[in-house]
Amino acid sequence: MKALVADAEWKPKAGYCLSKSEEERKRAIIGSQVWCNPKFAIKRVPAPNIRHDEVLVCVMSCGICGSDTHVYETDAEGYIIFSGLTKFPCILGHEFSGIVEKVGSDVDTLSIGDRIAAESVIWCGTCQACRSGFPNQCRQLELMGLSVDGALAEFVAVSERCCWKINELNNRYSEQDVFDIGALIEPVGCAYNGLFIAGGGFRPGATVVTYGVGPIGLGAVALARVAGAGKIIAFDVIDERVETARRLGADYSFNINSLDGCSPAEKVMELTKGMGADVQVEAAGAAPKIIPQMERSMSAQGKIIYLGRAATSTPVDLDALVSGAGSIIGARGHSGCGIFPYIIELLASGKLHLEGMITARHSSDEALTALENSVDRRNGKILVRMNESRNL
């Protein structure tokens, strides 16, 4: 089968202390500290074999994630930017939907021909975090497309428990659009987890601010609109994404570089008449610049939800948190807590509209081009149609 494969050189940075497990498995916990000089190629590789509890999925649509971009990009020393779990070589891609092609002997909730979207956080189910209801914090987790083979391929093997049927979306979308929308459930699920599970939600009428309106930030904007936010404010540094945020439901959307001397915090305070934001989402991975803005524009009992990922440390004004009874909440992943089925229900009912997030589509032969194009960050969501010629 055809697949987009990433490889890199195992070369831990000076001062990075490898764990015994990392050394033995050549699997980095903080990829940006270990993997150097990445290379990418569309290759012919064997189709995966499935285990008794897995299904073989014919991939129809797969998104390019910011994590994929961060694997492609390097720092001045040639190390990947992505700071999470990684093992190479690896087939990239983890935001996808497709058709069940084959089922394992113990699979009983899925059938050949089912349309599915899949979680990409592969949790073990037996560690204390999983058994306590926190699968995104699994101590044995793997990340599809980053530490195990992913879905920028014609076929991918997926655990039954990670798959969710999207057959009902056929009642609202055309056949191919079902798969394009289905591929958005994973990144939007990360925003859902941050806003409503880890973050605890907000009251209707609340002010929600999102910094960084790539796909996860755009998902936060769209979900905030559905959940009844009274005012939604979005910031980015790229005009195209600012405009996309408006299409997804932002009441106000600004390019930070075009605020004419006004800081984002000042703009939030102006728009909220001095009350500040109830919920602020960091989805840019630029915490050292953004957290200070958020601290200066929090409402009483305001929340900062950190979804962006970067291997950085950021000073925090703890006195402001104490005085305002505020909180900073980290969130990773999209598994558990009904996240996927709730998003599917919102889509099927017509209450959640994500079509405006998709700004580019590529064929499977253009998968590497799609990855290269993601670097300029002008798009909302870039999709690759891996089996576009399949007869549906």
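The values are calculated or read from the model by the stated rules, or taken from the named source; none is laboratory data. Please read all numbers here as calculations on a predicted model, not as lab measurements. For neighbour counting, all protein chains shown are included, and Cβ atoms are generated from backbone atoms with ideal geometry for every residue, glycine included.
Can you tell me which residues in region 47-65 are among the small types (G, A, S), out of contact with any Ser or Thr (no Cβ under 6 Å at 6 or more places or on another chain) and surrounded by 23 or more Cβ atoms within 10 Å (Cβ to Cβ)?
Quick first cut of region 47-65, residues among the small types (G, A, S) only: 47, 61, 63.
Restricting the remaining residues to those that are out of contact with any Ser or Thr (no Cβ under 6 Å at 6 or more places or on another chain) gives 47, 63.
Listed by number, the list holds a single entry, G63.
Being among the polar types (S, T, N, Q) and crowded, with 23+ Cβ neighbours inside 10 Å is a property that does not hold for S327. E372 satisfies every condition listed in (1) assigned by TED's automatic domain parsing to the domain that holds D180; (2) over 30 Å from I81 (Cα atoms) except (2). Of the residues in region 90-102, at least one is surrounded by fewer than 23 Cβ atoms within 10 Å (Cβ to Cβ), among the hydrophobic types (A, V, I, L, M, F, W, C), within 30 Å of K351 (Cα to Cα) and in contact (Cβ under 8 Å) with a residue 40 or more places away in the chain.
Every residue in region 296-317 that is more than 23 Å from the chain's Cα centre (by Cα), in contact (Cβ under 8 Å) with a residue 40 or more places away in the chain and not in a strand (DSSP E or B), please. Listed by number, the list holds a single entry, S297. Note on region 149-183: residues that are in a loop (DSSP other than H, G, I, E, B), at pLDDT 95 or above and farther than 13 Å from I344 by Cα amount to 5.
Among the residues of region 2-17, the ones that are crowded, with 16+ Cβ neighbours inside 10 Å and assigned to a loop (DSSP other than H, G, I, E, B) come to 1 in all. Residues in region 333-389 that are in contact with a helix residue (DSSP H, G or I) (Cβ under 6 Å, 6 or more places away or on another chain) and free of Cβ contacts under 8 Å to residues at least 40 places away in the same chain: H362 alone. Taken together, the criteria exclude L146 from residues that are of a type in the set (A, V, I, L, M), assigned to a loop (DSSP other than H, G, I, E, B) and within 27 Å of A348 (Cβ to Cβ).
Pairs are defined by a Cβ separation below 8 Å, a sequence spacing of at least 6 or placement on different chains, a first member in region 153-180 that is closer than 30 Å to F40 by Cα and in contact (Cβ under 8 Å) with a residue 24 or more places away in the chain, and a second member that is assigned to a strand (DSSP E or B) and of a type in the set (F, W, Y); the pairs so defined are V156/F96. Just checking, does region 265-278 include any residue being within 19 Å of G194 (Cβ to Cβ), over 25 Å from the mean Cα position of the chain (by Cα), surrounded by fewer than 19 Cβ atoms within 10 Å (Cβ to Cβ) and not aliphatic (A, V, I, L, M)? Scanning region 265-278 turns up no residue that is within 19 Å of G194 (Cβ to Cβ), over 25 Å from the mean Cα position of the chain (by Cα), surrounded by fewer than 19 Cβ atoms within 10 Å (Cβ to Cβ) and not aliphatic (A, V, I, L, M).
Looking at A250, A234 in this structure, which one is touching a strand residue (DSSP E or B) at 6+ places or on another chain (Cβ under 7 Å), touching a residue at least 40 places away in the same chain (Cβ under 8 Å), buried (at least 24 other Cβ atoms within 10 Å of the Cβ) and not in a helix (DSSP H, G or I)? Walk me through how you get there before you give the answer.
Working: A234 fails: touching a residue at least 40 places away in the same chain (Cβ under 8 Å).
Exactly one of A250, A234 is touching a strand residue (DSSP E or B) at 6+ places or on another chain (Cβ under 7 Å), touching a residue at least 40 places away in the same chain (Cβ under 8 Å), buried (at least 24 other Cβ atoms within 10 Å of the Cβ) and not in a helix (DSSP H, G or I), namely A250.
Suppose the filter is surrounded by fewer than 22 Cβ atoms within 10 Å (Cβ to Cβ) and over 19 Å from G330 (Cβ atoms); does G113 pass it? Taking the combined requirement at face value, the residue satisfies it. Only one of the numbered conditions (1) touching a Cys at 6+ places or on another chain (Cβ under 7 Å); (2) outside any helix (DSSP H, G or I) is not met by P187, and that is (2). Scanning region 215-231 for residues that are buried (at least 18 other Cβ atoms within 10 Å of the Cβ), in contact with a strand residue (DSSP E or B) (Cβ under 7 Å, 6 or more places away or on another chain) and either part of a loop (DSSP other than H, G, I, E, B) or not aliphatic (A, V, I, L, M) (or both) yields a total of 5.
Every condition in (1) of a type outside the set (K, R); (2) assigned by TED's automatic domain parsing to the domain that holds D177; (3) out of contact with any Cys (no Cβ under 9 Å at 6 or more places or on another chain) holds for D319 except the one numbered (2).
Q293 passes every criterion in (1) outside any helix (DSSP H, G or I); (2) touching a residue at least 60 places away in the same chain (Cβ under 8 Å); (3) surrounded by fewer than 24 Cβ atoms within 10 Å (Cβ to Cβ); (4) of a type in the set (S, T, N, Q) apart from (1).
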